[in-house]
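Taking it in order: structure first as structure tokens, then the write-up.
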Amino acid sequence: MNKNDLVAELSDSTGLTKADATKAVDGVLDCITNALKKGDEVRLVGFGTFAVASRAASTGRNPRTGEAIAIQASKRPKFSAGKALKDAVNR
């Protein structure tokens, strides 16, 4: 399922127009993104938790030359599925 499929499904299940469903999906995604940018967690009870994980700097190797390269520290988004979501997927 891609974003357009999600918008169509939301539109069908709620009776919203596709334009309103698109605004709703975009709004939710923007809110989650902005919270993660600030370093906050987003907990959706029963669904899961979006959070930011820090990755420490490390040394890697260029696969072509074997030369050591420095990999900078970074932050990455992560998602942990909630119990209700796990149970729904495993039914």
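Read-outs: derived from the displayed coordinates by stated rules, not from any lab. None of these values were measured; they are calculated from a predicted model. We place every Cβ from the backbone using ideal geometry, glycine too, and count neighbours over all the protein chains shown.
Here are some notes:
- Taken about its Cα centre, the chain carries a charge dipole of roughly 500 debye when the Cβ of each Lys and Arg holds +1 and the Cβ of each Asp and Glu holds -1.
- Under the Karplus curve 6.51 cos²θ - 1.76 cosθ + 1.60, θ = phi - 60°, whole-Hz ³J(HN,Hα) for segment 21-36, x wherever Gly or Pro sits: 5, 5, 4, 5, 5, 4, x, 5, 5, 5, 4, 5, 4, 5, 5, 5
- Correct option for percent of Cα pairs over 23 Å apart [calculated from the coordinates] among (i) 49; (ii) 21; (iii) 30: (i)
- Label sites at THR14 and ARG61, each approximated as a point 7 angstrom past Cα along Cα to Cβ, lie 5.1 nm apart.
- Hypothetical label at GLU41: residues of segment 51-91 whose amide nitrogen lies under 16 Å (7 Å Cα-Cβ projection): 51-54, 76-84
- Model label zone, SER74; criterion: amide N under 20 Å from point 7 Å along Cα-to-beta-carbon; scope segment 44-65: 50-65
- Links that overshoot a 23 Å alpha carbon limit, given the list LYS38/LYS83; LYS18/LYS38; LYS38/LYS75; LYS37/LYS78: LYS38/LYS83; LYS18/LYS38
- Computed from Cα positions, the angle between helix 3-14 and the longest principal axis of the chain comes to roughly 30 degrees.
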